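What follows is a short report on a single structure.
Each reported figure results from applying straightforward, stated rules to the coordinates on display, with no laboratory input. Values in this document were obtained by computation on a predicted structure and should not be read as measured data. All Cβ positions, even for glycine, are placed from backbone atoms using ideal geometry, and neighbour counts span all protein chains on display.
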Amino acid sequence: MKIEEIPLGEPFTPSALSHLGTRANIHQVLSRMTKAGQIDRITHGVYVKPRTSKYVQKVSPGAEKIAQAVVAGSNQVMSISGAEAARRFGLSTQMSTQYVFLTSGSSRVLTIRNMAIQLRHTSARWLTLAGHPAGEALVALRYLGRELVTTQTIAKIEKGLTPEEFKLLKSPSCMPPAWLNDVIYKYEREKELALNA
């Protein structure tokens, strides 16, 4: 991929261009383009071809896109936080005031203008199927924990997933904890009994 092919407003890192030349050459080109106003450096090692709107001169990319670019540039895995995943599935109404993402890399904070993005290191089991809706569902359920996850919770999760993704959530490759397997099994039994009633 060349810089010209990167969509407007899509953050990228120098590593995404590593196939185009040496590290020094890429940094020289990025520095020259930044000075010319063709791209913006939004934080250390993250650039964007600015997108404009009629209301705001330059539109910054969202926190999630920036975090994804940083993590992808380091060959790491990333997921939204458990609190955000629970909110997206309608299991919580609490809006987070912070941008927090789980990662297989080291914990760090990215500061972009007036926005702070936290990347928190977590274990591999929290990042199973990261990038899949089923992975987000698993993060939400792990976050809520065995005390709060009921068969009604699983019903909401199923509504928020395609049949394929719900099947993936139940599969061994998703590595759900034993307590979650028990709740899913109970939910499926209740569904089966209701259908046969």
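Taking a straight line from the alpha carbon of Lys58, these lysines sit under 18 Å away, with near neighbours fewer than eight places off in the same chain left out: Lys35, Lys49.
Among beta bridges from DSSP that stay inside the chain, the antiparallel ones total about 70%. Among residues other than Ile26 with Cβ under 14 Å from its Cβ, the summed charge is +4 (Lys and Arg +1, Asp and Glu -1). In terms of surrounding Cβ atoms within a 10 Å radius of their Cβ, Tyr187, Tyr47 rank from fewest to most as Tyr187, Tyr47.
Against the chain, whose longest principal axis comes from its Cα atoms, helix 133-144 is set at around 70 degrees. Within the same chain, lysines fewer than 8 places from Lys156 are excluded, and of the rest, those with a Cα less than 22 Å from its Cα are Lys167, Lys170, Lys186, Lys191. Charge tally around Ala155: other residues with Cβ under 12 Å, Lys/Arg +1 each, Asp/Glu -1 each, net +1.
Helix 63-73 and the long axis of the chain differ in direction by around 80°, with both axes built from C-alpha atoms.
Please give the helix 23-35 orientation as an angle from the longest Cα principal axis of the chain, in degrees from 0 to 90, rounded to the nearest 10. Helix 23-35 sits roughly 80 degrees off the main axis of the chain. Mean residue ellipticity at 222 nm, helices only, the chain: -12000 deg cm²/dmol; runs of at least 4 DSSP H residues each add -39,500 (n - 2.57), and the sum is divided by the number of residues. Among residues other than Ile66 whose Cβ falls under 13 Å from its Cβ, what is the net charge (Lys/Arg +1, Asp/Glu -1)? That sum, taken over residues with Cβ under 13 Å, equals +1. Cα centroids of the range 77-124 and the range 1-61: 24 Å apart.
Looking at the P(r) of the chain, how many percent of alpha-carbon pairs lie beyond 19 Å? Numbers along the way, then the final one.
Values: 12595 of 19306 pairs.
Tail of P(r) above 19 Å: 65 percent of Cα pairs.
Across the alpha-carbon set of the range 3-48, the Rg to Rh ratio works out to 0.91, Rh being the Kirkwood radius.
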